[in-house]
Structures are given as C-alpha cells and as structure tokens.
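Colleague: Just dropping this structure here.
Just so it is clear, none of the values below were taken in a lab; they were calculated from the coordinates. Given the structure is predicted, the values throughout are model-derived calculations rather than measurements. Using ideal geometry, Cβ is built from the backbone for each residue, glycine included, and neighbour counts are taken over all protein chains shown.
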Amino acid sequence: MRQRRPEAIALAYGQNDAPVVTAKGQDELAERIIAIAKDQGIYIAQDPQLLAMLSRLDLEEQIPPQLYAAVAVILSWAYWLKGMTPGDEKVVAADPPPT
C-alpha cells in the first residue's frame with residue numbers, strides 16, 4: 001500500500017471576513033507547518049476531503065462560501081478547546097500591543 005504524502009493547509013481568521021489560506025505545502029513543508037502549529041498551540045484538524053478542497057486555493061485567498069460550513073465546524077471545535085467564543089479573535093486581533 002502506498003503511503004500518502006503529508007500535506008497541510010493553514011487558515012487564519014482574525015480580522016478577515018472569512019478564513020484565509022496563510023500557508024500550504026507538502027512533504028517537509030507540510031511537516032514544518034504542522035510542527036509550528038503544534039508549538040504555538042494551534043488546533044490541527046485532519047479532514048482529507050476538506051484538505052483536497054482547500055489545496056486548490058492560493059495563498060492569501062479567502063475560502064469560498066461553499067466551504068464556510070465545513071470550516072465553521074472546525075473553528076467551533078478550536079474555539080471550544082481554547083475557551084473562546086466566536087468574535088473573540090476579532091477583539092484580540094484589534095487590541096493594540098501593550099506598551
């Protein structure tokens with residue numbers, strides 16, 4: 001049986017109207033994206049079908065409306081795991097850094 005090549009897509013939401021592809025890669029780059037996410041405590045989902053659809057997008061491209069529901073499910077888990085509620089990311093991203 002042929003082993004699948006590692007592949008990863010990173011999304012950011014924050015101040016954007018919809019999640020945006022911020023990183024994507026295969027093989028060593030995918031492993032590096034995943035390692036960085038783990039080091040930063042970022043939730044990692046494994047959904048091969050969603051990955052296949054997201055991999056068609058370019059860097060800095062917003063996800064299309066037809067993927068909103070699938071990504072919302074993943075975001076809801078990420079919020080829950082971090083003890084956040086929707087909208088918290090916009091407040092945190094908008095706060096100026098402490099001086």
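Colleague: Which order do the peptides 9-21, 67-79, 41-53 come out in when sorted by mean C-beta neighbours inside 10 angstrom, highest first?
Modeller: 9-21, 67-79, 41-53
Colleague: Name the long-range amide H neighbours of GLY25: under 5 Å, sequence gap of 5 or more, or other chain; modelled H, no Pro or chain starts.
Modeller: Result for GLY25 returns ALA8.
Colleague: So for region 5-72, averaging the separation of alpha carbon pairs under 8 Å that are six or more residues apart and normalising by length, what relative contact order in percent results?
Modeller: Value for region 5-72: 34 percent.
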